[in-house]
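Structure record follows, encoded as C-alpha coordinates.
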Amino acid sequence: MRARLLPLTAGSASWNMAADQAIIESVEHSSVPTLRFYGWTEPTLSLGYFQHYESRNQHPASSQATCVRRSTGGGAILHDHELTYCLVVPMAASATRQRQDLYRHMHTTIADVLAELGVTARAYRLEAQGGGDRSAFLCFQRRTDEDLVVSGYKILGSAQRRSRHAVLQHGSLLLRASAYAPELPGISDLTASHVEPAELVKPIAQGLGQRLDLVWTSGRLSEQERLRGHQIEAERFGNSVWNRRR
(Lines give C-alpha, C1' and ligand atoms only; values in the text may rest on other atoms or scores of the structure.)
Protein backbone atom coordinates (compact mmCIF):
# COMPACT_ATOMS: atom_id res chain seq x y z
CA MET A 1 0.00 0.00 0.00
CA ARG A 2 1.21 3.50 -0.81
CA ALA A 3 2.03 5.52 2.31
CA ARG A 4 3.52 8.89 3.22
CA LEU A 5 6.67 9.49 5.27
CA LEU A 6 7.15 12.98 6.69
CA PRO A 7 10.62 14.36 7.53
CA LEU A 8 11.97 14.70 11.05
CA THR A 9 11.14 18.19 12.37
CA ALA A 10 10.98 19.96 15.73
CA GLY A 11 7.91 21.87 16.85
CA SER A 12 6.31 23.57 19.82
CA ALA A 13 4.08 21.66 22.22
CA SER A 14 0.84 23.04 20.79
CA TRP A 15 1.93 22.61 17.17
CA ASN A 16 3.10 19.02 17.60
CA MET A 17 -0.25 17.99 19.03
CA ALA A 18 -2.21 20.03 16.48
CA ALA A 19 -0.26 18.56 13.56
CA ASP A 20 -1.02 15.02 14.77
CA GLN A 21 -4.72 15.89 14.90
CA ALA A 22 -4.65 17.48 11.45
CA ILE A 23 -3.05 14.32 10.05
CA ILE A 24 -5.69 11.96 11.43
CA GLU A 25 -8.41 14.18 9.97
CA SER A 26 -6.61 14.10 6.62
CA VAL A 27 -6.17 10.32 6.65
CA GLU A 28 -9.88 9.96 7.38
CA HIS A 29 -10.49 11.28 3.86
CA SER A 30 -7.39 10.21 1.92
CA SER A 31 -6.91 6.73 3.42
CA VAL A 32 -3.15 7.21 2.92
CA PRO A 33 -1.16 5.91 5.95
CA THR A 34 1.18 8.58 7.29
CA LEU A 35 4.24 8.35 9.52
CA ARG A 36 5.72 11.46 11.12
CA PHE A 37 8.80 11.82 13.34
CA TYR A 38 9.39 14.90 15.43
CA GLY A 39 11.19 16.55 18.31
CA TRP A 40 10.34 19.43 20.67
CA THR A 41 11.64 22.99 20.56
CA GLU A 42 11.44 23.25 24.35
CA PRO A 43 11.03 20.82 27.26
CA THR A 44 7.33 19.99 27.44
CA LEU A 45 5.10 18.15 29.87
CA SER A 46 2.16 16.58 28.04
CA LEU A 47 -0.73 15.56 30.26
CA GLY A 48 -2.83 12.56 29.38
CA TYR A 49 -6.32 13.52 28.22
CA PHE A 50 -7.97 12.45 31.49
CA GLN A 51 -5.38 13.84 33.92
CA HIS A 52 -6.19 16.87 36.06
CA TYR A 53 -4.10 19.94 35.35
CA GLU A 54 -3.42 20.45 39.07
CA SER A 55 -1.88 16.97 39.22
CA ARG A 56 1.27 18.39 37.64
CA ASN A 57 2.04 19.75 41.11
CA GLN A 58 2.95 16.17 41.98
CA HIS A 59 6.11 16.58 39.90
CA PRO A 60 8.06 19.70 40.93
CA ALA A 61 10.99 18.99 38.57
CA SER A 62 8.80 19.75 35.53
CA SER A 63 7.06 22.79 37.00
CA GLN A 64 8.85 25.20 34.64
CA ALA A 65 8.29 23.10 31.52
CA THR A 66 5.67 24.08 28.95
CA CYS A 67 2.47 22.11 29.52
CA VAL A 68 0.00 20.78 26.94
CA ARG A 69 -2.88 18.30 27.13
CA ARG A 70 -2.72 15.39 24.68
CA SER A 71 -5.73 13.93 22.92
CA THR A 72 -4.61 10.46 24.05
CA GLY A 73 -4.87 9.01 27.53
CA GLY A 74 -2.25 7.73 29.94
CA GLY A 75 0.17 9.44 32.26
CA ALA A 76 2.13 12.63 31.78
CA ILE A 77 5.23 12.58 29.56
CA LEU A 78 8.22 14.89 29.80
CA HIS A 79 9.33 15.47 26.20
CA ASP A 80 12.91 16.63 25.90
CA HIS A 81 15.72 14.32 24.76
CA GLU A 82 13.66 11.86 22.76
CA LEU A 83 12.36 10.81 19.36
CA THR A 84 8.60 11.11 19.01
CA TYR A 85 6.61 9.45 16.26
CA CYS A 86 3.04 9.67 15.01
CA LEU A 87 1.59 6.86 12.89
CA VAL A 88 -1.88 7.27 11.39
CA VAL A 89 -3.52 4.47 9.41
CA PRO A 90 -7.01 4.04 7.96
CA MET A 91 -8.90 1.56 10.09
CA ALA A 92 -12.43 0.92 11.30
CA ALA A 93 -13.04 1.93 14.91
CA SER A 94 -14.19 -1.62 15.65
CA ALA A 95 -10.90 -3.22 14.54
CA THR A 96 -9.62 -3.81 18.07
CA ARG A 97 -7.19 -6.57 17.18
CA GLN A 98 -5.63 -4.56 14.37
CA ARG A 99 -5.14 -1.61 16.70
CA GLN A 100 -3.38 -3.87 19.20
CA ASP A 101 -1.17 -5.14 16.39
CA LEU A 102 -0.03 -1.57 15.66
CA TYR A 103 1.58 -1.37 19.10
CA ARG A 104 3.36 -4.67 18.60
CA HIS A 105 4.56 -3.90 15.07
CA MET A 106 5.92 -0.46 15.93
CA HIS A 107 7.57 -1.52 19.18
CA THR A 108 9.08 -4.67 17.69
CA THR A 109 10.45 -2.61 14.82
CA ILE A 110 12.07 -0.12 17.19
CA ALA A 111 13.49 -2.94 19.33
CA ASP A 112 15.07 -4.47 16.21
CA VAL A 113 16.58 -1.13 15.16
CA LEU A 114 18.00 -0.58 18.63
CA ALA A 115 19.46 -4.09 18.63
CA GLU A 116 21.41 -3.21 15.48
CA LEU A 117 22.87 -0.31 17.47
CA GLY A 118 23.85 -2.56 20.36
CA VAL A 119 20.89 -1.77 22.63
CA THR A 120 18.85 -4.66 24.03
CA ALA A 121 15.26 -3.55 24.61
CA ARG A 122 12.57 -6.05 25.56
CA ALA A 123 8.79 -5.88 25.40
CA TYR A 124 7.10 -5.69 28.78
CA ARG A 125 4.52 -8.34 29.63
CA LEU A 126 1.93 -7.46 32.26
CA GLU A 127 0.94 -11.06 33.00
CA ALA A 128 4.49 -12.10 33.74
CA GLN A 129 5.86 -8.96 35.38
CA GLY A 130 2.91 -7.01 36.81
CA GLY A 131 1.82 -3.48 36.00
CA GLY A 132 4.01 -1.40 38.27
CA ASP A 133 2.36 1.72 39.68
CA ARG A 134 -0.52 2.23 37.25
CA SER A 135 -1.55 5.41 39.10
CA ALA A 136 1.86 7.07 38.77
CA PHE A 137 1.72 10.62 37.44
CA LEU A 138 4.43 10.01 34.83
CA CYS A 139 3.70 7.62 31.99
CA PHE A 140 7.24 6.24 32.04
CA GLN A 141 6.75 5.05 35.61
CA ARG A 142 3.79 2.94 34.47
CA ARG A 143 3.91 -0.30 32.46
CA THR A 144 1.64 -1.75 29.80
CA ASP A 145 2.04 -4.64 27.36
CA GLU A 146 4.50 -3.94 24.54
CA ASP A 147 6.29 -1.08 26.34
CA LEU A 148 10.01 -1.39 25.65
CA VAL A 149 12.24 -1.76 28.70
CA VAL A 150 16.02 -1.52 29.07
CA SER A 151 17.59 -2.69 32.35
CA GLY A 152 14.18 -2.48 34.03
CA TYR A 153 13.45 1.06 32.87
CA LYS A 154 10.78 1.93 30.32
CA ILE A 155 12.28 3.69 27.31
CA LEU A 156 9.37 3.50 24.84
CA GLY A 157 5.65 3.96 25.35
CA SER A 158 2.79 4.67 22.95
CA ALA A 159 -0.86 5.66 23.04
CA GLN A 160 -3.72 5.60 20.56
CA ARG A 161 -6.72 7.67 19.59
CA ARG A 162 -9.26 6.35 17.13
CA SER A 163 -11.78 8.07 14.89
CA ARG A 164 -14.47 6.46 12.74
CA HIS A 165 -12.12 5.52 9.92
CA ALA A 166 -8.56 5.97 11.21
CA VAL A 167 -6.29 5.31 14.18
CA LEU A 168 -3.58 7.64 15.44
CA GLN A 169 -0.74 6.14 17.46
CA HIS A 170 2.01 8.32 18.82
CA GLY A 171 4.83 7.46 21.15
CA SER A 172 8.07 8.59 22.75
CA LEU A 173 11.49 6.93 22.74
CA LEU A 174 13.66 8.26 25.56
CA LEU A 175 17.23 8.83 24.40
CA ARG A 176 18.61 10.38 27.60
CA ALA A 177 17.33 11.83 30.85
CA SER A 178 15.99 15.36 31.08
CA ALA A 179 16.76 17.82 33.87
CA TYR A 180 12.96 18.20 34.06
CA ALA A 181 12.52 14.48 34.83
CA PRO A 182 15.91 13.22 36.08
CA GLU A 183 14.37 10.05 37.52
CA LEU A 184 13.66 8.75 33.99
CA PRO A 185 16.85 7.52 32.30
CA GLY A 186 17.10 7.13 28.55
CA ILE A 187 19.11 4.84 26.31
CA SER A 188 22.41 6.69 26.69
CA ASP A 189 22.04 6.65 30.49
CA LEU A 190 21.39 2.92 30.61
CA THR A 191 23.81 1.66 27.97
CA ALA A 192 27.10 2.54 26.31
CA SER A 193 25.23 3.64 23.18
CA HIS A 194 24.65 7.25 22.16
CA VAL A 195 21.74 7.36 19.73
CA GLU A 196 20.73 10.39 17.72
CA PRO A 197 17.12 10.84 16.53
CA ALA A 198 18.07 11.31 12.87
CA GLU A 199 19.80 7.94 12.64
CA LEU A 200 16.67 6.10 13.78
CA VAL A 201 14.14 7.51 11.32
CA LYS A 202 15.08 5.63 8.16
CA PRO A 203 15.54 2.14 9.68
CA ILE A 204 12.33 2.43 11.73
CA ALA A 205 10.35 3.46 8.66
CA GLN A 206 11.87 0.64 6.59
CA GLY A 207 11.18 -2.01 9.22
CA LEU A 208 7.65 -0.83 9.87
CA GLY A 209 6.93 -0.66 6.13
CA GLN A 210 7.93 -4.29 5.78
CA ARG A 211 5.71 -5.36 8.68
CA LEU A 212 2.67 -3.41 7.51
CA ASP A 213 3.26 -3.89 3.75
CA LEU A 214 3.61 -0.14 3.20
CA VAL A 215 5.65 1.57 0.48
CA TRP A 216 6.79 4.95 1.74
CA THR A 217 6.83 8.08 -0.38
CA SER A 218 8.59 11.11 1.08
CA GLY A 219 6.18 13.98 1.59
CA ARG A 220 5.27 17.00 3.66
CA LEU A 221 2.15 18.34 5.29
CA SER A 222 -0.18 19.66 2.63
CA GLU A 223 -1.23 23.30 2.67
CA GLN A 224 -4.66 22.19 3.84
CA GLU A 225 -3.14 20.19 6.68
CA ARG A 226 -0.97 23.12 7.76
CA LEU A 227 -3.93 25.50 7.75
CA ARG A 228 -6.07 23.04 9.64
CA GLY A 229 -3.21 22.43 12.07
CA HIS A 230 -2.92 26.12 12.87
CA GLN A 231 -6.68 26.32 13.40
CA ILE A 232 -6.59 23.34 15.78
CA GLU A 233 -3.60 24.84 17.59
CA ALA A 234 -5.45 28.11 18.19
CA GLU A 235 -8.71 26.49 19.24
CA ARG A 236 -7.39 23.58 21.26
CA PHE A 237 -3.77 22.79 22.12
CA GLY A 238 -2.60 26.38 22.32
CA ASN A 239 -5.66 27.38 24.33
CA SER A 240 -5.60 27.39 28.15
CA VAL A 241 -9.28 26.36 28.21
CA TRP A 242 -8.32 23.03 26.60
CA ASN A 243 -5.16 22.52 28.62
CA ARG A 244 -6.88 23.30 31.94
CA ARG A 245 -10.19 21.64 31.13
CA ARG A 246 -9.87 19.13 33.95
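So that you can scan it fast, the table gives a plain yes or no per residue for (1) open to solvent by less than 10 Å² (accessible area, probe 1.4 Å); (2) within 18 Å of the chain's Cα centre (by Cα); (3) basic (Lys, Arg):
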| residue | (1), (2), (3) |
| --- | --- |
| Asp147 | yes, yes, no |
| Gly157 | yes, yes, no |
| Arg161 | no, yes, yes |
| Ala166 | yes, yes, no |
| Ala181 | yes, yes, no |
| Gly186 | yes, yes, no |
| Pro197 | no, yes, no |
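Among the residues of region 8-30, is there at least one that is small (Gly, Ala, Ser), touching a strand residue (DSSP E or B) at 6+ places or on another chain (Cβ under 7 Å) and part of a loop (DSSP other than H, G, I, E, B)? Scanning region 8-30 turns up no residue that is small (Gly, Ala, Ser), touching a strand residue (DSSP E or B) at 6+ places or on another chain (Cβ under 7 Å) and part of a loop (DSSP other than H, G, I, E, B).
Name the pairs whose Cβ atoms lie under 8 Å apart, with the first residue in region 97-113 and over 17 Å from Thr84 (Cα atoms) and among the charged types (D, E, K, R), the second open to solvent by 60 Å² or more (accessible area, probe 1.4 Å) and outside any helix (DSSP H, G or I), and 6 or more positions between them or separate chains? Cβ pairs passing all conditions: Arg99/Arg162. Is it the case that some residue within region 230-238 is touching a residue at least 24 places away in the same chain (Cβ under 8 Å), open to solvent by 10 Å² or more (accessible area, probe 1.4 Å) and in contact with a strand residue (DSSP E or B) (Cβ under 6 Å, 6 or more places away or on another chain)? Looking through region 230-238, none of the residues is touching a residue at least 24 places away in the same chain (Cβ under 8 Å), open to solvent by 10 Å² or more (accessible area, probe 1.4 Å) and in contact with a strand residue (DSSP E or B) (Cβ under 6 Å, 6 or more places away or on another chain). Of all residues in region 74-94, those satisfying the criterion of being touching a residue at least 60 places away in the same chain (Cβ under 8 Å) and closer than 30 Å to Arg2 by Cα are Glu82, Leu83, Thr84, Tyr85, Cys86, Leu87, Val88, Val89, Pro90, Met91, Ala92, Ala93.
The values are calculated or read from the model by the stated rules, or taken from the named source; none is laboratory data. Here the structure is a predicted model, which means the values were calculated and not measured. Here the Cβ is made from the backbone with ideal geometry for all residues, glycine too, and neighbour counts use every protein chain on show. With ligands, DNA and RNA removed, areas are computed over all heavy atoms of the protein, side chains included. Shrake-Rupley method; radii C 1.70, N 1.55, O 1.52, S 1.80 Å.
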